[in-house]
Structure formats: C-alpha cells, structure tokens
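The values are calculated or read from the model by the stated rules, or taken from the named source; none is laboratory data. Everything numeric here is computed off the predicted structure, so don't read it as measured data. Cβ: placed from backbone, ideal geometry, glycine included. Neighbour counts: every protein chain shown. With ligands, DNA and RNA removed, areas are computed over all heavy atoms of the protein, side chains included. Shrake-Rupley method; radii C 1.70, N 1.55, O 1.52, S 1.80 Å.
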Amino acid sequence: MNHAEEAIRLITGDRNESYGTPDQDFSGIAAMWTGLLNTRLTSPITAEDVPLMMCALKLRRQAHKPKDDNLIDAHGYLLCLQWMTTGKRPVAGNQTQKPAHNED
C-alpha cells in the first residue's frame, strides 16, 4: 500500500469514525484556534486553513526527521481538503465512492 492509499484508508476509516467528517472536525478546530489567537488575528481561521496548516506541520517534521507517518499524514490532510472543497469522499483503487455527508 502506498502513502496515498494508506492516507485514504485512515481518513475514511478510523479517523473519520473517531472525529467526524473533515468539515465537521476542522470547523471545530478552526473555531478553537481562532478563539486562542483572537487578539492576534485580523480574520478568523477557516476549516480549509486547518488541513493546510497541519500539512505544513507534517512537512516541517519531515524536514527535521523523515518518516513515513509524516508523509502519510500530509497526504491525508490534503485529501481531507480536497474532500471538503469538492464534497467527494476519497476512495482508493476500485472502491465505490460514498456520499460526503453520509457518515452514520
């Protein structure tokens, strides 16, 4: 399994079940970060900012000490951003795509 496939498995499986869909999870994170940084910001952090900043964190860690976890997570954050902006849940290989907001 390559890094992108592993990232899809994680974001559509365990992490999605634990934290909700990316738009739900990242909206909550964005609100918390905005609250924590409110005296320093000129505008609120958005849900779309969260995966970009988390990807930057993983890239920084990769630059310091390379390991697969950093690359898999960076892929995952970018896939989450794509999921959020397109509404299309990522799928690996020949899986059937599920609706973005049907996460019962």
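Partners of LYS58 within straight-line reach, counting aspartates and glutamates whose Cα lies under 15 Å from its Cα and excluding those fewer than 8 residues away in the same chain: ASP49, ASP68, ASP69, ASP73. Accessible area of the chain with a 1.4 Å probe: how many percent of it is carbon plus sulfur? Roughly 53 percent of what the probe reaches on the chain is carbon or sulfur.
Out of region 13-80, which trypsin sites (Lys or Arg not before Pro) are coil in DSSP terms and have no more than 11 other C-beta atoms within 10 Å? For trypsin sites (Lys or Arg not before Pro) across region 13-80 that sit outside H, G, I, E and B with at most 11 neighbouring Cβ atoms in 10 Å, the list reads ARG40, LYS67. The angle between the Cα long axis of helix 3-12 and the longest principal axis of the Cα atoms of the chain comes to about 80 degrees, rounded to the nearest 10. When Lys and Arg each count +1 and Asp and Glu each count -1, what net charge do the other residues less than 11 Å away from LEU81, Cβ to Cβ, add up to? It works out to a net charge of -3.
Heavy atoms only, 1.4 Å probe, whole protein assembly: order ASP73, ASP25 by accessible area, highest first.
Values: ASP73 15, ASP25 45 Å².
Most to least solvent-accessible, the answer reads ASP25, ASP73.
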